[in-house]
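**Student:** One structure, pasted below without further comment.
The values are calculated or read from the model by the stated rules, or taken from the named source; none is laboratory data. Computed from a predicted model, the values in this text were never measured in an experiment. For neighbour counting, all protein chains shown are included, and Cβ atoms are generated from backbone atoms with ideal geometry for every residue, glycine included.
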Amino acid sequence: MTEQNGLDALATESRRFEPPTEVAKSANVTADAYDDAWADRLGFWETQARRLQWDKEWHTALEWEPPFAKWFVGGQLNVAANCVDRHVEAGKGDRVALYWEGEPEGDRRVITYAQLHAEVCKAANALTELGVDAGNRVMIYLPMIPEAVIAMLACARIGAPHSVVFGGFSAQALVDRITDAEARFVITSDGGYRRGAAAALKPAVDEAVERSGIVEKVLVVRRTGQDVAWTDRDVWWHDVVGRQSDVHHPQSFDAEHPLFLLYTSGTTGKPKGILHTSGGYLTQAAWTHWAVFDLKPETDVYWCTADIGWVTGHSYVTYGPLANGATQVMYEGTPDAGGKDRWWSIVERYKVSLLYTAPTAIRTFMKWGEELPAKHDMSSLRILGSVGEPINPEAWIWYRRVIGGDRCPIVDTWWQTETGAMMIAPLPGVTSCKPGSAMGPLPGIEVDVVNGEGESVGEVGGGYLTLNEPWPSMLRGIWGDEERYRETYWSKFPGRYFAGDGAKWDEEHVLWLLGRVDDVMNVSGHRISTTEVESALVSHPSVAEAAVVGAYDATTGQAIVAFVTPKGHVADDVSSGEAFAQELRNHVAKEIGPIAKPRQILITPELPKTRSGKIMRRLLRDVAEHRELGDVTTLADPSVVNAINEKMGTAGDGTED
Ligand code: WT7
């Protein structure tokens, strides 16, 4: 164990996976990119910006008045024209933009770039007819159907910032966002398919519209055909969009014109409307998608499994891939709809070559067993991506072996709603990867790991992850709250953006993300990252998933409490026994050191997660400290935490040794 300045870095990982020769040989981006960006960072980003189509060239690459950045100042472009029109104009109108797969088996649509162009133009004309212009915000509350992408692009085309709200959120979440964004227009649908049934969306909109009192028009896509209540402000998408002309001339907007607001819930308080603008955002979303997935638009089939309600769906379903002219798969439903191998049948059907998903999904598939992917031909896969949380080395190895047939590089990509696009990730044709690490900053990105005083920890060491130079796709602020923007991101370490995450450089100057710093535990004065203990637990052959929290302990300040989900093959009477808990404790001691041994291990079939799949450690801390449960509104399945709580009530405090 090495004592670090700021965060104790305990785990070590020495395995390395070289880029496959075929990927390295024809990679879009080589190691030169790091040198180019190092020599001239702004020049590097200007080169990437030129991959887009500008109606007017910028005069200044960056104006930086901390913490406010303007990129490509004076430049003008239309984001939607970059994502659609220019591909059609280049003769690629027949290329498939979207292979859409609905949740009900056999429900499919194939949409070419030419067709997408026609639909976006019609939708833009419809929005204009309804009175939407560049001065309005439009809320989008839709399932994963092509109209979601079309609606986003139609808003972008007429310069009306959109704000997508995840379809799983409640009426209350919609009210908060409509009110904060002062949105007078909403685009929704009657419903969508989830887990084999039509789930209604419009009732939540109806309630939110009533309560907020400011919405003038609701545009409704008919998806499921279920009954909906109807008022004067409601209009059907197929009526209004259906009768429009498919000709629409895109207007040029300033590089800094607002493109969207996306609300993200902080640990406390009301959700923050993260503001992104046009030219810099699209530059970095498009370049990173092309570089990190080594996208070959003529031959690759790309699939990002994220919902458009999250930033991943914005940057790596809608804007990045379409700006690059990619062919992609879009899937409406849950991973187990029509069988627990639904994803793998989609990979096989569309010959998906680039797959982008989250560790929580990978760990779920580990739990379900490797027989399911083994039933399908997945030899089309070329590169596999991960995002959303630290990926444990064990899940990384499983992803590579079982999904990637031991031949596909894994790109673990660190970024945030606030960063807009990938920041820390390997390049698949360049980087020799360590399982579980996002490796290092992308070319053009400057990161620094600092201690509590804001001093750099140097080449090796753990602490707080900061970004010390502005980047093109950075947030431009929090909607309507400049003070909160300064306070949240720029006040802890003046002059630097603080991401809220812990990180460490290992002995080889490879970067490891250690989770949110609010999750760091302090055991007898050692600052231990929950991520490292979780990874150690998941590396045990019987463990599928683990969540670790620090709970008050009279002796050690905090003690480690672990919540563990066993793999499917482990019998209940085995996993419930004290011998199993003891084995896991010893395993952690062996992997990391005795200091990291959990005081208590609770076996549970599920962990409480947010709807985007992040484990809610805050609730588990409440459970571990026998407190009344805090706010559970963002929980995907509230029954999970009640079940754990009951179990905790009946469990002893575990053995200490
Ligand atoms: C937080 C941002 C990025 C789009 C989806 C989530 C965590 C994200 C990684 C990764 C370790 C990661 C961080 C970050 N995170 N990707 N590859 N390795 N941690 O966006 O909801 O804004 O969450 O997710 O803690 O701060 P978000």
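**Student:** So ASP294 fits all but one of (1) at negative phi; (2) modelled with pLDDT of 95 or more; what number is the exception?
**Tutor:** Exception for ASP294: condition (1).
**Student:** Here's a follow-up. Of everything in segment 486-499, what is touching a residue at least 40 places away in the same chain (Cβ under 8 Å) and under 22 Å from the mean Cα position of the chain (by Cα)? Give them in sequence order.
**Tutor:** Keep residues of segment 486-499 that are touching a residue at least 40 places away in the same chain (Cβ under 8 Å), which gives 486, 488-490, 493-497, 499.
Once the filter is applied, which keeps residues that are touching a residue at least 40 places away in the same chain (Cβ under 8 Å) and under 22 Å from the mean Cα position of the chain (by Cα), segment 486-499 yields THR488, TYR489, TYR497, ALA499.
**Student:** In addition: Residues of segment 224-266 being over 28 Å from GLY213 (Cα atoms) and within 31 Å of the chain's Cα centre (by Cα), which ones?
**Tutor:** Hits for segment 224-266 are PRO250, GLN251, SER252, PHE253, ASP254, ALA255, GLU256.
Residue-wise test of (1) in contact with a helix residue (DSSP H, G or I) (Cβ under 8 Å, 6 or more places away or on another chain); (2) at pLDDT 95 or above.
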position: ILE308; (1), (2): yes, yes
position: HIS314; (1), (2): yes, yes
position: TYR319; (1), (2): yes, yes
position: GLN328; (1), (2): yes, yes
position: GLU332; (1), (2): no, yes
position: GLU348; (1), (2): no, yes
position: LEU354; (1), (2): no, yes
position: THR360; (1), (2): no, no
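**Student:** What strands (runs of 3 or more DSSP E), lying completely within segment 487-546, carry at least 2 residues that are within 16 Å of the ligand (Cβ to nearest atom)?
**Tutor:** Details: elements: 497-505, 511-516, 521-523, 526-528.
Those strands (runs of 3 or more DSSP E) span 497-505, 511-516.
**Student:** Yes or no: segment 342-363 includes at least one residue that is touching a Gly at 6+ places or on another chain (Cβ under 7 Å) and more than 27 Å from THR431 (Cα to Cα).
**Tutor:** no
**Student:** For segment 385-421, which residues satisfy the criterion of being more than 8 Å from the ligand (Cβ to nearest atom), in a loop (DSSP other than H, G, I, E, B) and modelled with pLDDT of 95 or more? It would help to see each step written out before you state the result.
**Tutor:** Of all residues in segment 385-421, those more than 8 Å from the ligand (Cβ to nearest atom) come to 385, 392-411, 420-421.
From what is left, the residues that are in a loop (DSSP other than H, G, I, E, B) are 392, 404-409, 420-421.
Within segment 385-421, GLY404, GLY405, ASP406, ARG407, CYS408, PRO409, GLY420, ALA421 meet the criteria.
**Student:** Now for a different question. Considering only residues of segment 423-443 that are more than 8 Å from the ligand (Cβ to nearest atom) and either under 14 Å from the mean Cα position of the chain (by Cα) or charged (D, E, K, R) (or both), which is surrounded by the most Cβ atoms within 10 Å (Cβ to Cβ)?
**Tutor:** Going through the qualifying residues, I end up with MET423.
**Student:** Sticking with this one: When the residues of segment 568-619 are filtered to those that are within 16 Å of the ligand (Cβ to nearest atom) and assigned to a helix (DSSP H, G or I), which remaining residue is nearest to ILE362 (Cα to Cα)?
**Tutor:** ARG617
**Student:** For residues in segment 264-283 being within 14 Å of the ligand (Cβ to nearest atom) and modelled with pLDDT under 95, which is nearest to THR30 (Cα to Cα)?
**Tutor:** Only one residue tops the list, namely THR264.
**Student:** Going residue by residue through segment 444-464, is there one that turns out to be within 21 Å of the chain's Cα centre (by Cα) and within 12 Å of the ligand (Cβ to nearest atom)?
**Tutor:** yes
**Student:** Return the only residue of GLN244, GLN226, GLN251 being in a loop (DSSP other than H, G, I, E, B), at pLDDT 95 or above and touching a Cys at 6+ places or on another chain (Cβ under 8 Å). Before the answer, list the steps.
**Tutor:** Numbers: GLN226 fails: touching a Cys at 6+ places or on another chain (Cβ under 8 Å); GLN251 fails: touching a Cys at 6+ places or on another chain (Cβ under 8 Å).
Criteria check complete, one pass: GLN244.
**Student:** May I ask you to list the residues in segment 284-312 that are more than 13 Å from the ligand (Cβ to nearest atom), outside any strand (DSSP E or B), within 21 Å of TRP344 (Cβ to Cβ) and among the hydrophobic types (A, V, I, L, M, F, W, C)?
**Tutor:** Within segment 284-312, just PHE293 meets the criteria.
**Student:** When only residues in segment 347-380 that are under 21 Å from the mean Cα position of the chain (by Cα) and away from the ligand (no atom under 16 Å from the Cβ) count, which is nearest to PRO605 (Cα to Cα)? Steps first, please.
**Tutor:** Initially, segment 347-380 is screened for residues under 21 Å from the mean Cα position of the chain (by Cα), giving 347, 352-366.
If we keep only those that are away from the ligand (no atom under 16 Å from the Cβ) too, we end up with 347, 352-354, 364-366.
Numbers: VAL347: 28, VAL352: 31, SER353: 33, LEU354: 31, THR364: 11, PHE365: 14, MET366: 14 Å.
Looking at residues that are under 21 Å from the mean Cα position of the chain (by Cα) and away from the ligand (no atom under 16 Å from the Cβ), I get THR364.
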